Amino acid sequence: MAHTISAGVGERMQYLAHNYNDTTIRFILQYPGLLDSKTLCAATKAVVGSVDVLHASFLANFRSAHWQVNKDYAVSDYFALIDCDGDPLKPAKSLALQSIAHGAKCQLHVTQINGSWNTAVLVRISHLVVDGSDGIYLMGKLAESYRLIEQTENTERLTVKDGSRSAMNAYNELSKKELASLLKSPFHGVKTEYPFTTPTDHALPRMLHCTIPADLLAAARQKAKAQGATVNDLLLTACYRSFAKAVDRQGKMSISSMMDLRQHCKDGVSEGLSNMSGGLSTTLEVSEEHSFSDDLQSIATQTTQAKSDPLAGLSGIPALHAATKAFPMWLLLRAADIVYSSMSLSLTNLGNIPLTPLSMGDLTPNKGIFGGPLKRKPSVQVCAASFDGTAELTILGDFTDEDLDSLQHFLYGMRQELASYGEEV
């Protein structure tokens, strides 16, 4: 009899969004040399085989959903090797647009792209299994596995967390009174949609990308620190201001951003691989009369106040989780259509990712890119992650050529906003 795992509320909630995004997250790392493909393949196999859910298929029907753990899976289910002439980043970005299917035999896939003198490693992971934080964790385990094989010729010492995947880890110790206080809706603010003007049926999967150099971001960060603002506050402010200019809009706007709910877990970590993301909404009155500093102060005040709440990010979460367990899948999918079709502009920021822990052999990556789920209209999500201080911004979605030009202008505008702020006297 096949081994099955009950689908938790985290993966159920992500599955409900599959008509609005591809429920896959992706990372690209560039290494200044050629990695050994046999070692990387073996390292990937060790990580995939270490946790049941990483070699399982997510199966949903009219009423419910579960994971079916696969005993037999091929190398092609978790690894691929491609050779190219020149820069391997270009094909890596193209391949990154491919999704991890819910019913795939493995929920993590690594593609090694060898260029003329360097290597790009593309890691795609199901968002039903992990969020960005645990995605970083698995990339670290992949690099650790590679180093273990080089040093000891085996991965016996590799350990990957394999405890409870329940999202209740974030709130299972709350009192009834605290749980009752979380019944309010997490969705609030002014609906802010990106003004797409071209038909969706002419769209193709695309990745837009923009680099913010480390020195540029450091200058802005140093100035923001004096205002009590974080890098995430900087990115949010730049997002608001660039959006307003790109679409020629003023007035109240809202952007939802994501926060890691593991701060509410015991010791600040989830027991097993999971998606532990919560929403944080801000609202800004955007005006040409406001300086970047003015807007940043407003955003910093809102986020500081929100994060000071001991239950930050948990509003509505227990109720949503209860609903996914109480109602049949067909009804949940109908409800999801109402919720997700009304969402638009958002930002997710993974923070700074040190590159040294991602070393394989004697090679340390010199560039990284993070991309969240490939969104479908009307949603637009700006994904941010810094790699040794250099921030990378991406937007993934089904876009037309006209959309592409508009959204690329939007991303470049964010970089210009940060540059101008950092240079202000």
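The values are calculated or read from the model by the stated rules, or taken from the named source; none is laboratory data. Because the structure is a prediction, the values reported are computed rather than measured. Quick reminder, even Gly has a Cβ in these numbers, built from the backbone with ideal geometry, and neighbours come from all protein chains shown.
Points worth noting:
- Residue in the range 135-148 that is outside any helix (DSSP H, G or I) and either surrounded by fewer than 21 Cβ atoms within 10 Å (Cβ to Cβ) or under 23 Å from the mean Cα position of the chain (by Cα) (or both) present: no
- Among the residues of this structure, residue 344 counts as one that is of a type in the set (Ser, Thr, Tyr) and surrounded by 20 or more Cβ atoms within 10 Å (Cβ to Cβ).
- Selection status of residue 294, of a type in the set (Asp, Glu), surrounded by fewer than 18 Cβ atoms within 10 Å (Cβ to Cβ), at pLDDT 90 or above and over 22 Å from the mean Cα position of the chain (by Cα): yes
- Some residue of the range 349-369 being of a type in the set (Lys, Arg), closer than 17 Å to residue 140 by Cα, in a strand (DSSP E or B) and in contact (Cβ under 8 Å) with a residue 60 or more places away in the chain: yes
- Restricting 367, 375, 325 to residues that are in contact with an Asp or Glu (Cβ under 9 Å, 6 or more places away or on another chain) and at pLDDT below 95 narrows the list to 375.
- The set of residues in the range 299-315 being in contact (Cβ under 8 Å) with a residue 60 or more places away in the chain and under 18 Å from residue 235 (Cα atoms) consists of 299, 300, 303, 304.
- Looking only at residues in the range 259-279 that are of a type in the set (A, V, I, L, M, F, W, C) and surrounded by fewer than 21 Cβ atoms within 10 Å (Cβ to Cβ), the one that is nearest to residue 211 (Cα to Cα) is 259.
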